[in-house]
Amino acid sequence: MVKPFKGVRYNLEKTLLKQVIAPPYDVISPEQKEVLKLRSPYNVVNLILPDGENKYEEAAKKYEMWKKEKILIKDPEPVFYLYEQEYEYEGKKYVRTGFIGLLKLEEYDKGNVFPHEKTLSGPKMDRFNLMKAAKANFSQIFGLYIDRDNFLEKIFSSIKKEMPVASAVNDEKVKNSLWLISDEEMKKSIEQFMKDKKIYIADGHHRYETALKYRDYMRELNGDSPEDIKPYDFVMMMFVNFYDEGLKVFPTHRVVEFNDKIDDFFEKLKRSYKVEKVDDFKVAEKKQKESDVPSFIVYYNGKFAFISILEEEYEKLHPIYRKVDTFVLEETVLKPILGFTDEKLLKKEGIYFVQNMEQIKKLEKEKDVLAFIVKGVDIEVVKEIAENGLVMPQKSTYFYPKLDSGLVFNDLS
């Protein structure tokens with residue numbers, strides 16, 4: 001069940017949207033956080049990544065104060081929020097469109113909401129404490145639905161003929177624009193269309209599971225029965241069509257701390273992989289793109305190698321998981337050869353997750369590292385993993401562009 005809501009938004013007569021939006025909380029570095037805080041005293045980073053001993057209570061106080069000061073204003077009627085992101089990738093312009101609404105919370109085993117990644121207890125407790133103190137969703141979860149016929153695109157195109165109510169270009173040069181879908185017929189059409197849709201979580205697994213925990217906590221606190229529909233039975237979500245042309249899924253590469261002899265590592269690797277030393281990254285990249293089996297570019301101390309899994313090792317892998325490079329890398333290299341355990345991987349002990357060579361080289365300046373460049377996961381594989389009740393290793397997908405925080409908030413009380 002999807003429904004419109006009375007969102008809380010920044011009052012653009014009192015602040016500039018560009019100065020108050022921020023990336024999702026889990027991709028903000030400590031340095032970036034300080035930059036965002038300096039940009040405006042009302043930057044959303046103060047809410048999603050609060051500071052201090054009583055940081056959650058401080059975030060809640062700020063949120064209430066900003067509402068009293070009319071820095072934040074609640075929309076008078078329930079609406080859906082059309083959210084468009086325009087960006088450039090490899091010299092070509094893309095537009096990704098979706099809408100923000102409320103999704104009725106359900107446990108995964110009901111078969112209507114599908115996760116695809118593992119979650120950690122630490123981040124969930126952090127988000128739960130924030131939600132409990134502030135009684136609000138400060139960031140929208142990123143959900144995907146299937147609309148092969150682009151039914152909702154007709155509504156979106158009609159709405160986009162008007163000027164957006166808010167628009168800002170972020171630090172990644174992504175233009176974020178927001179419109180209100182307030183027409184009653186349009187709202188009913190969206191609700192009706194989404195009624196039986198399966199939702200696949202792209203980003204926000206921790207926040208979704210936190211919302212479930214918060215709902216159960218509030219039910220127990222208030223003595224509510226599941227039949228009593230309350231604000232905390234819903235969570236704010238951005239809904240994007242699986243087949244939207246602007247939806248990109250990038251890989252997240254692995255960089256590990258490495259103090260052994262590289263020749264010894266390659267010797268061990270040869271039990272499961274064909275190993276080819278290459279002089280040029282472009283050559284390795286071309287080989288990887290053309291490979292029919294899981295393969296990786298290994299980078300160490302300025303040198304590259306291309307490794308592809310041997311047929312007999314490939315056949316041992318789970319038929320679905322063999323399509324996920326990060327899983328293959330964990331099971332055939334990180335665990336058996338480099339000695340990682342599930343716990344170490346989950347806690348990110350001695351391993352880093354990066355998006356590009358620039359980040360790899362930055363880490364290389366600080367410590368001895370070994371990098372594995374992986375291929376992205378096909379969007380259909382993400383769907384297949386989710387529908388089969390499986391989960392990928394953390395940071396297996398990097399949906400681009402990220403959804404900015406600060407466009408709209410949802411009160412839970």
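With protein chains left intact and a 1.4 Å probe, residues in the chain average 48 Å² of accessible area per residue.
Identify which of the listed values of P(r) over Cα pairs in 10 Å bins from 0, in percent was calculated from the structure shown: [x] 5, 22, 31, 27, 13, 2, 0; [y] 4, 20, 30, 25, 14, 6, 1; [z] 4, 18, 20, 21, 21, 12, 3, 0, 0. Only one option fits the structure, namely [y]. Too long at a 32 Å Cα-Cα cut-off: which of 187/230; 173/195; 68/348; 188/383; 348/375; 173/282? Checking Cα-Cα distances, 173/195; 68/348 exceed 32 Å. Look at the alpha carbon pairs under 8 Å that are at least 6 residues apart: their mean separation over the length of the chain gives a relative contact order of 25 percent. Taken about its Cα centre, the stretch 255-295 carries a charge dipole of about 180 debye when Lys and Arg each add +1 at the Cβ and Asp and Glu each add -1 at the Cβ. Of the accessible area of the stretch 49-92, with the probe set at 1.4 angstrom, what percent is carbon plus sulfur? For the stretch 49-92, the apolar C and S fraction of the accessible surface comes to 49 percent. At an R0 of 56 angstrom, the distance between the Cβ atoms of residue 262 and residue 135 translates into a FRET efficiency of 0.60. For the stretch 333-413, build the charge dipole from Cβ charges (+1 Lys, Arg; -1 Asp, Glu) around the Cα centre, then report which of 401, 354, 371 sits farthest towards its positive end. Farthest along the dipole direction, towards plus: 371. Spin-label model, residue 12 to residue 27: label points 7 Å out along the Cα-to-beta-carbon direction sit 2.3 nm apart.
The modelled label-to-label distance for the pair residue 366/residue 229, using points 7 Å beyond Cα in the direction of Cβ, is 4.8 nm. Taking square-rooted eigenvalues a ≥ b ≥ c of the alpha carbon gyration tensor, is the stretch 315-413 rounded, prolate or oblate, where a/c under 1.5 means rounded and, failing that, a/b exceeding b/c means prolate? It is oblate, given that a/c is not under 1.5 and a/b is not larger than b/c. Averaging Cα coordinates gives a centre for the stretch 240-316 and one for the stretch 33-106; these two points are 37 Å apart.
Each Lys and Arg Cβ is given +1 and each Asp and Glu Cβ -1; about its Cα centre, the chain then shows a dipole of about 860 debye. Computed about the Cα centre, the dipole magnitude for the stretch 190-284 is approximately 320 debye when only Lys and Arg (+1) and Asp and Glu (-1) carry charge, each at its Cβ.
Label-to-label distance for residue 335 and residue 300 is 2.2 nm, based on points extended 7 Å past Cα in the beta-carbon direction. The residue list 158, 141, 128 was ranked by how far each Cα lies along the charge dipole of the stretch 128-184 toward its positive end, using unit charges on Cβ atoms, and 128 comes out on top. Compactness of the stretch 115-238, taken as the C-alpha radius of gyration over 2.2 N^0.38 Å, stands at 1.25. At what distance in angstrom do the alpha carbon centres of the stretch 147-168 and the stretch 175-216 lie from each other? Centre-to-centre distance over Cα atoms comes out at 15 Å. Candidate cross-link partners of residue 61 among the lysines, defined by an alpha-carbon separation under 18 Å and a same-chain spacing of 8 or more, comprise 37, 70, 74, 132, 135.
Which Cα, out of 182, 255, 242, lies furthest along the positive dipole direction of the chain (beta carbon charges, K/R +1, D/E -1)? The residue sitting most towards the positive pole is 182.
The values are calculated or read from the model by the stated rules, or taken from the named source; none is laboratory data. Worth saying up front: this structure is predicted, and the values here are computed from it rather than measured. Positions of Cβ are generated from backbone atoms using ideal geometry, with glycine treated the same way; all protein chains shown enter the neighbour counts. Keep in mind that these areas ignore ligands, DNA and RNA; they rest on the heavy atoms of the full protein, side chains included. Shrake-Rupley method; radii C 1.70, N 1.55, O 1.52, S 1.80 Å.
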